[in-house]
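Peer 1: The structure follows.
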Amino acid sequence: MFKLFKIAIRNLLRYKRRTLLTSSLIAVGVMFVLVFIAASGSFKYIMIGQITDSMLGHLQVHKRGYVASIDSLPLTLNLSAKAKEKLEQTIKEIPEIEAFSPRIKFGGMFSNFIETTNIRINGVYPDKEIATIPLFPSRIKQGEKAIKKGDILIPELLANGLKVKVGDTVVVIATNKDGSVNGKQFVVGGIIESVTGPGGRDGYMHIEDAMEVLRMKEIEISEVAVRLKDFGKLNAVNDKMHKLLSEELNKQGKPIFDVRTWERLSPFYNVARMINIMTFFIKIMLISIVLISIMNIMIMAVFERIREIGTIAAIGTIPEKILSLFLIEGFSLGISGAVAGNILAIIIVFVMSAVKITFNFGRQTGMALSPSLKVNDMLFISAIVIIASVIAALQPALKASRMEPVEALRHV
Amino acid sequence: MNLVSAENLRKIYKVGEIEIEALKSVSFNVKSASFVSFVGPSGSGKTTLLNLIGCLDKPTSGSLKVAGVDTSALTRKKAAVFRGINLGFIFQDFNLIPVLSVYENVEYPLLIVQNVSAEERKKRIASLLETVGMTDQRDKYPDQISGGQKQRVAIARALVTNPRLVLADEPTANLDSKTAFMVIDIMRKMKEEFGVTFIFSTHDQRVVREVETVYTLQDGMLVEDAVREGGINV
């Protein structure tokens, strides 16, 4: 086999320029795919990180039916204190969960005593909320990075529209689930950055203040956001929670809880899917480049060496070895292109990381792209290229191995 | 003992709708350790006959046995294996593999075809390169040596597997007289030393004068009383 490799390599080097051009084409293709994967992957993970770590959490649990009506923030679909207790107990049994944060979400009116507008509010336990979405404090642009009782954090757009500053007194009026209206004065404790995505333009207050506004005697929560120790275990934990919570049934015998990963709660998941689809099509393009270029060079190689094929067949080379010889040539072209492409990609990704490319997403500006190459991606792309190279060489190799020696020797 | 035995051998080629009968009921025998030549004008069927003996092609009808084997019954793979073990080929255009050195060209059949051990390969190649006078050129590539030298390498390659039969199709056609005689001389020495049978197809009088048996072919048939023994001028 080593000898066949030696002959194959020498055959490739016989036409140095042609081999170099084909290998370069494959290398450039591999490089572009890997750089795209690295850059788009970095963009995707920054965005996922932003959404999950500053708003959603990795998973959320609601009462079944709540998410379908989430735009109206229905207080009638909140989880009861008993259900909350059961849910918290279950969460604590799952070692993969790092933190969780119960929230009361409601809509109300916000007034600075001159103007009034509507507002969506999250009532939270500050310490639990920050443990679950650790980027939340970084969104507080003005005021203390905390949620104190009696304070309200309002979104930047609302603050600008109503010309409200930190320290101003405001009123929040809300209708509770029985239909009665209540209002409470708050001090603006901070102004938070508005971000793209669900909940990105909500105000925040302490959960006990939310209970007071809504005149709740007993706590009833809208959702529980969950943070995992390892984001990679998202689906496994999701399945585990589904399994554990599916046993809790309501009076109609239907499950009480509805567990959803961030993917089923954020429209950004579609953007992430689009990136995956684009990556898939770029891989298809790479395979096409490899197939066409290798098939082209191998067809030429077979055509140019017909007499040589006749000679080696005449002196006793069995068809399988002739087939192997040409397959090895295709394989070697694929390997050389893949190796060169990987090296180029490493260099370019290193340069991109050093240059610190920044981009804006929604109202978030100056996010630095930090592309990195994963060994798995490099191996996968290299394997695709090498397999495609061998497949491309197969037809010309079969043609060579099936040649009648007498015909081949007669070829001029 | 007959090494090659042909009886009523026919070969018909189809070119479109037209059938061309290249060999018309040819019968002959070639003994072991003989030096035989098929002569005749272009198109007389010499190369066709050599291709059949060399298991490169199959007869349309008739019987052909080489080393006791009915070669028309061999599959493509078995024919390749049979050629690799029993036959050696010398071509008019030398047909050396351009990417291999002189040494590697001679080594090729031992390595790729017969899988002979490294030690045995070295011994056989060194001996043959010495015999054909190419030891000094062993590391050169085919494009760095002359036509005569290429044919000497081709002879070494044909003999390195210790074949029972070497088929040489116009082996001196592209060589000058001096080189042609040198090449014929080498082949005769090989025949005497190793008992190898040589079958030539040629119309080169320099070769014909040197062989032991001459068969004359004309229009695909062996010409009557054209079999001459003992290196007779034709």
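The values are calculated or read from the model by the stated rules, or taken from the named source; none is laboratory data. Because the structure is predicted, anything quoted here is derived from the model rather than measured. Glycine also receives a Cβ, built like all others from the backbone with ideal geometry; neighbour counts cover every protein chain displayed. Just so you know, the surface numbers come from the protein's heavy atoms only, side chains and all, with ligands and any DNA or RNA stripped out. Shrake-Rupley method; radii C 1.70, N 1.55, O 1.52, S 1.80 Å.
Peer 1: Students often forget the sequence filter, so: which aspartates and glutamates lie under 17 Å Cα-Cα from B:LYS65 once same-chain residues fewer than 8 apart are removed?
Peer 2: B:GLU7, B:ASP57
Peer 1: Per DSSP helix of 4 or more residues, -39500 (n - 2.57); summed, then divided by the residues of the protein assembly as shown. What does that give at 222 nm, rounded to the nearest 500?
Peer 2: Calculated from helices alone, the mean residue ellipticity at 222 nm is -14500 deg cm²/dmol.
Peer 1: Same structure again: Based on the Cβ-Cβ distance of A:ALA368 and A:ASN270, what FRET efficiency does E = 1/(1 + (r/R0)^6) give at R0 = 25 Å, to the nearest 0.05?
Peer 2: After rounding, the FRET efficiency stands at 0.55.
Peer 1: Moving to a separate point now. From the residues A:PHE303, A:ASN160, A:PRO396, which one has its Cα farthest along the dipole of chain A in the positive direction, the dipole being from +1 and -1 charges on Cβ of Lys/Arg and Asp/Glu about the Cα centre?
Peer 2: It is A:PHE303, whose Cα lies furthest towards the positive end.
Peer 1: In addition: So what are the three principal axis dimensions of the stretch A:35-126 from its Cα atoms, in whole Å, longest to shortest?
Peer 2: So the three principal-axis extents are 53, 41, 27 Å.
Peer 1: Let me ask you something else. Taking 0.36 nm per residue of sequence separation and subtracting the Cα-Cα distance, how much length would be gained by fully extending the chain between A:GLU218 and A:ALA146, in nm to one decimal?
Peer 2: Extra length available between A:GLU218 and A:ALA146 comes to 23.4 nm.
Peer 1: Spin-label point model (7 Å from Cα, Cβ direction): what's the A:VAL187 to A:SER80 distance in nm?
Peer 2: 3.9 nm
Peer 1: Across peptide B:82-95, how many C-beta atoms of other chains are within 10 Å of each residue C-beta, on average?
Peer 2: For peptide B:82-95, the averaged partner shielding equals 3.
Peer 1: From the Cα gyration tensor of the stretch B:152-196, with a ≥ b ≥ c the square roots of its eigenvalues, which class applies: rounded if a/c is under 1.5, or else prolate if a/b is larger than b/c, or else oblate?
Peer 2: Prolate is the answer for the stretch B:152-196, as a/c is 1.5 or above and a/b outweighs b/c.
Peer 1: Separate question: Count the DSSP beta bridges whose two residues both fall in the protein assembly as shown, then state the antiparallel fraction as a percent rounded to the nearest 5.
Peer 2: Around 70 percent antiparallel, to the nearest 5.
Peer 1: Suppose we flag GluC sites (Glu not before Pro) only when DSSP calls them loop and at most 16 other Cβ atoms lie within 10 Å. Which is the longest uninterrupted stretch of chain B?
Peer 2: Here the longest segment lacking exposed loop sites spans B:18-223.
Peer 1: Let me ask another. Give me the inter-chain shielding for A:162-174: mean count of other chain Cβ atoms within 10 Å, whole number please.
Peer 2: 0
Peer 1: Right, another one. Let me make sure I get this right: for the stretch A:72-141, a, b and c are the square roots of the gyration tensor eigenvalues over alpha carbons, sorted descending. Under 1.5 in a/c it's rounded, otherwise prolate if a/b > b/c, else oblate. Which is it?
Peer 2: oblate
Peer 1: Rounded to the nearest 20 debye, what is the charge dipole size of chain A about its Cα centre when +1 sits on each Lys and Arg Cβ and -1 on each Asp and Glu Cβ?
Peer 2: 1260 debye
Peer 1: Here is a further query. Once both labels are modelled 7 Å past Cα along the beta-carbon direction, what's the A:THR175-A:LYS6 spacing in nm?
Peer 2: Here the answer is 8.9 nm between the modelled labels.
Peer 1: May I pose another question? Ordered by packing density, taken as the mean number of other Cβ atoms within 10 Å over each peptide's residues, highest first, how do A:214-223, A:387-396 rank?
Peer 2: So the order, starting with the most tightly packed, is A:387-396, A:214-223.
Peer 1: For all pairs of alpha-carbon atoms in the stretch A:65-255, what percent lies in each bin of width 5 Å, listed from the first bin to the last filled one?
Peer 2: 1, 7, 15, 20, 19, 16, 10, 6, 4, 1, 0
Peer 1: On to the next question. If you add up the charges near A:SER40, with Lys and Arg at +1 and Asp and Glu at -1, over every other residue whose beta carbon is less than 13 angstrom from its beta carbon, what do you get?
Peer 2: +3
Peer 1: What Kirkwood hydrodynamic radius, in Å, does the stretch A:2-71 give when the mean of 1/r is taken over all pairs of distinct Cα atoms and then inverted?
Peer 2: Value: 17.2 Å, from the Cα pair sum.
Peer 1: Apply 1/(1 + (r/R0)^6) to the Cβ-Cβ distance of A:VAL375 and A:TYR15, taking R0 = 25 Å, and write down the FRET efficiency to the nearest 0.05.
Peer 2: Given R0 = 25 Å and the Cβ-Cβ separation, E is 0.15.
Peer 1: Over the alpha-carbon set of the stretch B:1-134, divide Rg by the Kirkwood Rh and report the Rg/Rh ratio to two decimals.
Peer 2: 1.02
Peer 1: Shifting gears a bit: Would any residue of the stretch B:184-220 have its amide N under 19 Å from a label point 7 Å out along Cα→Cβ of B:LYS24? List them or say none.
Peer 2: Answer for the stretch B:184-220: B:215-220.
Peer 1: In square nanometres, what is the average projected area of the Cα convex hull of the stretch A:157-309?
Peer 2: With the hull built on Cα positions only, its mean projection is 18.9 nm².
Peer 1: Now a separate question. Treat every Asp and Glu Cβ in the stretch A:65-255 as -1 and every Lys and Arg Cβ as +1, leave all other atoms uncharged, and give the resulting dipole magnitude about the Cα centre to the nearest 20 debye.
Peer 2: In debye, rounded to 20, the stretch A:65-255 gives about 100.
Peer 1: How large is the direction-averaged shadow of the alpha-carbon convex hull of chain A, in nm²?
Peer 2: Directional mean of the projected Cα hull area for chain A stands at 27.1 nm².
Peer 1: Continuing with the same structure: Report D for the stretch B:54-106 in µm² per second (integer): Stokes-Einstein, Kirkwood Rh on Cα pairs, 25 °C, 0.890 mPa s.
Peer 2: 190 µm²/s
Peer 1: Which percent of Cα-Cα pairs in chain B sits in each 5 Å bin, short to long?
Peer 2: 1, 7, 14, 19, 19, 16, 12, 7, 3, 1, 0
Peer 1: Longer than 28 Å from Cα to Cα, which of A:LYS3/B:LYS11; A:LYS165/A:LYS356; A:LYS44/A:LYS141 are they? Say none if no pair is.
Peer 2: A:LYS3/B:LYS11; A:LYS165/A:LYS356
Peer 1: Further question: Just the accessible area for B:LYS77, please: 1.4 Å probe, Å², rounded to the nearest 10?
Peer 2: Rounded to the nearest 10, that gives 90 Å².
Peer 1: Can you tell me the FRET efficiency between B:GLU130 and B:GLU17 if r is taken as the Cβ-Cβ distance and R0 is 51 Å, rounded to the nearest 0.05?
Peer 2: 0.40
Peer 1: Taking a cut-off of 23 Å, what percent of all Cα-Cα pairs in the stretch A:186-271 are separated by more than that?
Peer 2: 47 percent
Peer 1: Less than 20 Å apart at the alpha-carbon level, and either on another chain or at least 8 residues along: which lysines does that give for A:LYS243?
Peer 2: Excluding near neighbours in sequence, the set is A:LYS63, A:LYS82, A:LYS84, A:LYS86, A:LYS92, A:LYS229, A:LYS233, A:LYS251, A:LYS254.
Peer 1: Oh, and also: Return the aspartates and glutamates within reach of A:LYS321: Cα separation strictly under 19 angstrom, same-chain partners fewer than 8 residues apart disregarded; answer none if there are no such residues.
Peer 2: Within the straight-line cut-off, A:LYS321 pairs with A:GLU304, A:GLU308, A:GLU329, A:GLU404, A:GLU407, B:GLU104, B:GLU107.
Peer 1: For A:GLY107, what charge total do you get from the other residues with a beta carbon under 14 Å from its beta carbon, if Lys and Arg give +1 and Asp and Glu give -1?
Peer 2: Local charge sum for A:GLY107: +3.
Peer 1: Another one. For A:ILE346 paired with B:LYS122, estimate the spin-label separation in nm (one decimal), with each label point 7 Å from Cα along the Cα-to-Cβ line.
Peer 2: Distance between the two pseudo-spin positions: 3.8 nm.
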